[in-house]
Amino acid sequence: MAIFRLAIQSLTNRKATAFLTILTVAISVALLLGVERVRTQAKESFANTISGTDLIVGARSGQVNLLLYSVFRIGNATNNIGWDSVEEIQRHPSVAWSIPISLGDSHRGFRVVGTTGDYFTHYKYGNKQPLTFTQGLPFNGLFDTVIGAEVAEKLEYKLGDDIVIAHGLADRKFSRHDNLPFTITGILAPTGTPVDRSVHVSLPAIEAIHIGWESGARMGVGVSAEGIDPDKLQPEQITALLVGLKSKIQTFALLRTINEYKREPLTAIMPGIALHELWGLMSVAEQALLVVSGFVVVAGLLGMLSSLLTSLNERRREMAILRAMGARPAHIFALLISEAVCLTLIGIMLGIASVFAVITIAAPFVLSQYGLQLSATLLNSREWMLMGIVLVSGLLVGVLPALRAYRQSLSDGMTIRI
């Protein structure tokens, strides 16, 4: 303990050099820990987005693309599904429930999801958690809408407010369905998924707002809400269909049936398998980032080694005085090792604090822009292991200057030879 206190005092006397060394280690640790945390929490965020859904059905496409646009609202569908096909799938004996989804419109940068009341009953996220309401109820009238928690927070909406949906993803004045405004009747509780950033309306409402529109442009002045008969609004096509089965055993049979569907080219995917393929595509980038951050840590530790070695010649008188006062070579060795451990440990602590601060500040922006839920939670076992490896590496880096100091003796005298 006395050696450790002496190491702290020695570093205090060399504040500038010690500070720069700690900063180098802290930056490298922050990069390593930040990459690891973003990687793991991005996976968790994606994996928690949908739960309890056995199949996702869409137009013929790659399974990753279908997963991205139907669940994560990233990208666009290659085509739509005819409503006749949807009804035939819904009538299949193995189907317990289904959630049709229609995408393509937006509201002030947030995606609009056309669906049915089954969405609020059967859609699950996380560990099969159902959607809940903080205020209001599911839509009932034709022009009712239910908004996600982030939509309500960002746009400061409350129950009873009217909103206008825009055609397509670019919310421009000429593309707005301003003749048919919607009234907010429900606000969903936060889920940490794309549901928070979605505006939900009924499928008949999607058909209603597109009456008089051709090829993305309004033809004429449009219709009014009073001139629309809700009973005649039958969807012609949708973007995707989420399907829950009565038995998991029937999953592969229905999957093959849909993929071999004759009426139109369809693709059915299992969300878990599609996520696994997505991780496979991202694995190369993940490993590359980890390798780069690992090299940055090595560079930081080498910088600490250079600093300790450079300071040895300047401290030879200090070492000689310690020897003259009774310190054994082992004490000198322990002193240099303790300094290296102190520098590394303080750098690790500063790096962890920096990562937590950045995540706390950047989490709302990352969530709104990229849909990733980042949180400054306690380190997990893998992160502790990485920090342990950095600490042990710092100790090993201190061995070389400690050995050099160990070999120095009073033969140098009380003056430094130049």
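Taking θ as phi - 60° and the Karplus parameters 6.51, -1.76 and 1.60, the scalar couplings of the range 63-73 work out to 5, 5, 4, 4, 4, 5, 7, 7, 9, 9, 6 Hz in sequence order, x denoting glycine and proline. Computed from point charges on the beta carbon alone (+1 for Lys and Arg, -1 for Asp and Glu), the dipole magnitude for the range 55-269 about its Cα centre is near 800 Debye. The length gained by stretching the chain between A353 and S381 to full extension, at 0.36 nm per residue less their Cα-Cα distance, is 8.3 nm.
Simple spin-label estimate for D84 and T134 gives 4.5 nm between the two label positions (7 Å along the Cα-to-Cβ direction from each Cα).
Across the range 55-269, Cα pairs under 8 Å and at least six residues apart give a relative contact order of 33 percent. Projecting the Cα positions of T183, T267, F110 onto the charge dipole of the range 55-269 (unit charges on Cβ atoms of Lys, Arg, Asp and Glu, taken about the Cα centre) puts T267 furthest along the positive direction. Near the amide H of K124, within less than 5 Å, lie the amide hydrogens of S51, all on another chain or at least 5 residues away, with H placed in the peptide plane. Across the range 386-391, rounded Karplus estimates of 3J(HN,Hα) from the backbone phi angles (6.51 cos²θ - 1.76 cosθ + 1.60, θ = phi - 60°) give 4, 5, x, 5, 5, 5 Hz, Gly and Pro being marked x. If you plug the beta carbon distance of L391 and K246 into 1/(1 + (r/R0)^6) with R0 = 41 Å, you get a FRET efficiency near 0.15. Of the trypsin sites (Lys or Arg not before Pro) found in the range 100-153, the ones in coil according to DSSP and having at most 15 other Cβ atoms within 10 Å of their Cβ are R108, K128. Farthest towards the positive end of the charge dipole of the range 55-269, among the residues P130, T257, T239, is the Cα of T257, using unit charges on the Cβ of Lys, Arg, Asp and Glu.
3J(HN,Hα) along the range 37-45: 5, 4, 4, 6, 6, 5, 4, 4, 4 Hz, from the Karplus curve 6.51 cos²θ - 1.76 cosθ + 1.60 with θ = phi - 60°, whole Hz, x for Gly and Pro. Segment A363..T40, full-extension length gain: 114.8 nm, with 0.36 nm per residue of separation and the alpha-carbon distance subtracted.
Sorting K262, K15 from the fewest to the most surrounding beta carbons within 10 angstrom yields K262, K15. For H177, the residues 5 or more places off, or on other chains, whose built amide H falls under 5 Å of its own are I165, A166, H167.
Read the figures in this text as sums done on the coordinates, not as results from a lab. All values derive from a computational prediction rather than experimental measurement. Reconstructed Cβ throughout: ideal geometry from the backbone, glycine too, with neighbour counts over all protein chains shown.
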